[in-house]
Structure formats: C-alpha cells, structure tokens
Amino acid sequence: MRSTTETLPITANVMRIDTARQRIDIRQIDNRRFMYNPKTGILVLGRQYADGKLHSDHAAELAEAGITKGYDDFIRGWVGAGGAYPNGVIHFAPPVNALNMEMFNRAFDTLKMFAGFGAVPETVVRGFGRSWEQPLSSIVHLNAKKGEKQ
C-alpha cells in the first residue's frame, strides 16, 4: 500500500508535522524554532512571531504541540529563509559537534529530513560540525533541481 503525502501550508501557530505523511517547504518560513525527533519523525515548528519578540521557548512550544515527554529526544534550532538567507538557513541550537556522536547523528538525520522539505544545496547550515556556517551541499548530497537526497 502506498502512503499519501500531504503538503501543509505554513501557518503562524505552532505546527506539529508527521514527516512520514506530511510535508512543508522551509523556504516559506521566515524564522522560527524547530524541534525534530528522528526516532519518531515528528517535527514541531514554533510560533512565527509577527512582532519579532520571543514569547516562549522550545519546551513550551513542544508542550503546546501536545508533546510533554522526551524533550531531550528532539534536536532543536531555528529554520527559515529571507533577508540574507534567500535559500534558507538551518541553525542548530545548541550547536552540534562530533564530540557527542549520538547528537551529531540525530542532527545529521535532521539535515536529511530538511533536504526533503525545501532545503537546497545553498541552504546555510549553522552550528553543525567543525564549521560554524557552511552550505548544506558540503554535508548532504542533494539533487539541485528538487532539493531531494541522492
């Protein structure tokens, strides 16, 4: 049986996305928190604030999405496009390096997920590995046409 993938419109509210069945395009996001659990495939996008002020934190937005356990299973950061980043930026917070291999591998899985969600070779990745800022194409091999994994 073939599964159907639903493309979700980006809304300003907290969004809970089942990445096995639902899709988004990160280039439609201005700048908002992300929380991703590679084990479950659940992606939570924090609220998009029109006034540019932070009114809560990652944990509060996970709870608002109905997730009250397993906070540390989620890789966290910021994602969006615009301004100096027309091709998008994926910013890990806290930064991820190879000294914590479990977190490094989960963050790499997060990058592969975003590669199927609108990230392109020129998408900037911050706080991953040895370089503070690098193009996604230096980490994950992508098809330039669709931003899909090869």
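Summary table below
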{"read-out": "Residue satisfying all of: in region 97-123; among the aliphatic types (A, V, I, L, M) and under 14 Å from the mean Cα position of the chain (by Cα); farthest from THR7 (Cα to Cα) among these", "value": "ALA107"}
{"read-out": "Residue in region 122-145 that is surrounded by the most Cβ atoms within 10 Å (Cβ to Cβ), counting only those that are in a loop (DSSP other than H, G, I, E, B) and touching a residue at least 24 places away in the same chain (Cβ under 8 Å)", "value": "THR123"}
{"read-out": "Answer residue from region 54-88, given it is under 16 Å from MET15 (Cβ atoms) and assigned to a helix (DSSP H, G or I) and is modelled with the lowest pLDDT among those", "value": "HIS58"}
{"read-out": "Near pairs, Cβ below 6 angstrom, 6+ apart or cross-chain, from region 55-80 (farther than 27 Å from ALA115 by Cβ) to any residue that is modelled with pLDDT of 90 or more and exposed (fewer than 14 other Cβ atoms within 10 Å of the Cβ)", "value": "none"}
{"read-out": "Pair list, Cβ under 6 Å, 6 or more apart: region 19-46 residue over 14 Å from ALA115 (Cβ atoms) and touching a residue at least 40 places away in the same chain (Cβ under 8 Å), other residue among the charged types (D, E, K, R) and in a strand (DSSP E or B)", "value": "MET35/ARG76"}
{"read-out": "Residue match in region 43-53 (condition: modelled with pLDDT of 90 or more, surrounded by fewer than 21 Cβ atoms within 10 Å (Cβ to Cβ) and polar (S, T, N, Q))", "value": "no"}
{"read-out": "Selection count, region 89-103, where residues are touching a residue at least 24 places away in the same chain (Cβ under 8 Å) and either in contact with an Asp or Glu (Cβ under 8 Å, 6 or more places away or on another chain) or not in a strand (DSSP E or B) (or both)", "value": "3"}
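The values are calculated or read from the model by the stated rules, or taken from the named source; none is laboratory data. Just so it is clear, the model here is predicted, and its values are computed rather than measured. Glycine also receives a Cβ, built like all others from the backbone with ideal geometry; neighbour counts cover every protein chain displayed.
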